[in-house]
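One structure is given below, encoded as structure tokens.
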Amino acid sequence: QVQLVESGGGSVQAGGSLRLECAASGSATSACGMGWYRQASDKERELVASFNGGGVTNYGMSVKGRFTISRDNAKNTVYLQMNTLKPEDTAVYYCNCKILWKNYWGKGTLVTVSS
């Protein structure tokens with residue numbers, strides 16, 4: 001099993017930065033393909049950034065060049081550095097672990113960007 005706990009959300013003005021953290025724990029964390037997703041009000045959950053097999057990063061089109069995903073394997077922690085934030089980045093951000101066909105999710109952390 002895998003448990004995921006996000007932190008680092010908050011309110012920021014447009015153009016600002018935030019860094020999200022996701023701490024993973026549990027017996028299966030070493031098998032996780034990790035990533036970040038977000039869900040804005042009245043919208044579907046969408047990919048923000050993830051690590052694919054071999055550690056290759058993958059980004060949603062709307063965040064490319066502004067957000068960076070990274071990880072510290074020794075700490076079982078994944079980070080999302082978000083720069084040049086825009087009001088449309090406002091959403092609940094969820095940490096995700098994929099193991100084969102199974103998804104594990106954190107409870108999410110709210111990011112609010114004001115104009």
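The values are calculated or read from the model by the stated rules, or taken from the named source; none is laboratory data. Note that the coordinates shown come from a computational prediction; the quantities given were computed from them, not determined experimentally. In this analysis, Cβ positions are derived from the backbone assuming ideal geometry, glycine residues included, and neighbour counts consider all displayed protein chains. Just so you know, the surface numbers come from the protein's heavy atoms only, side chains and all, with ligands and any DNA or RNA stripped out. Shrake-Rupley method; radii C 1.70, N 1.55, O 1.52, S 1.80 Å.
Checking the conditions here, which among Tyr93, Tyr79, Tyr37 is closer than 21 Å to Gly10 by Cα and in contact with an Asp or Glu (Cβ under 6 Å, 6 or more places away or on another chain)?
On the way: Tyr93 fails: in contact with an Asp or Glu (Cβ under 6 Å, 6 or more places away or on another chain); Tyr37 fails: in contact with an Asp or Glu (Cβ under 6 Å, 6 or more places away or on another chain).
Exactly one of Tyr93, Tyr79, Tyr37 is closer than 21 Å to Gly10 by Cα and in contact with an Asp or Glu (Cβ under 6 Å, 6 or more places away or on another chain), namely Tyr79.
Restricting the range 21-39 to residues that are part of a loop (DSSP other than H, G, I, E, B) and open to solvent by 30 Å² or more (accessible area, probe 1.4 Å), the residue that is farthest from Ser114 (Cα to Cα) is Ser27. Within the group Ala24, Ala49, Ala14, which residue is of a type in the set (A, V, I, L, M, F, W, C) and more than 16 Å from Tyr94 (Cβ to Cβ)? Sole residue among the options that is of a type in the set (A, V, I, L, M, F, W, C) and more than 16 Å from Tyr94 (Cβ to Cβ): Ala14.
Is it true that some residue in the range 6-20 is free of Cβ contacts under 8 Å to residues at least 40 places away in the same chain and either closer than 21 Å to Lys102 by Cα or exposed (fewer than 15 other Cβ atoms within 10 Å of the Cβ) (or both)? Step through it out loud before you land on a result.
From the range 6-20, those free of Cβ contacts under 8 Å to residues at least 40 places away in the same chain are none; that's our starting set.
So far as the range 6-20 goes, no, none of its residues is free of Cβ contacts under 8 Å to residues at least 40 places away in the same chain and either closer than 21 Å to Lys102 by Cα or exposed (fewer than 15 other Cβ atoms within 10 Å of the Cβ) (or both).
Scanning the range 65-115 for residues that are surrounded by fewer than 17 Cβ atoms within 10 Å (Cβ to Cβ), among the aliphatic types (A, V, I, L, M) and not in a strand (DSSP E or B) yields Ala74, Leu100.
Is it fair to say Ser62 is open to solvent by 30 Å² or more (accessible area, probe 1.4 Å), assigned to a strand (DSSP E or B), of a type outside the set (Lys, Arg) and more than 14 Å from Cys95 (Cα to Cα)?
Spelling it out, it is not the case that Ser62 is open to solvent by 30 Å² or more (accessible area, probe 1.4 Å), assigned to a strand (DSSP E or B), of a type outside the set (Lys, Arg) and more than 14 Å from Cys95 (Cα to Cα).
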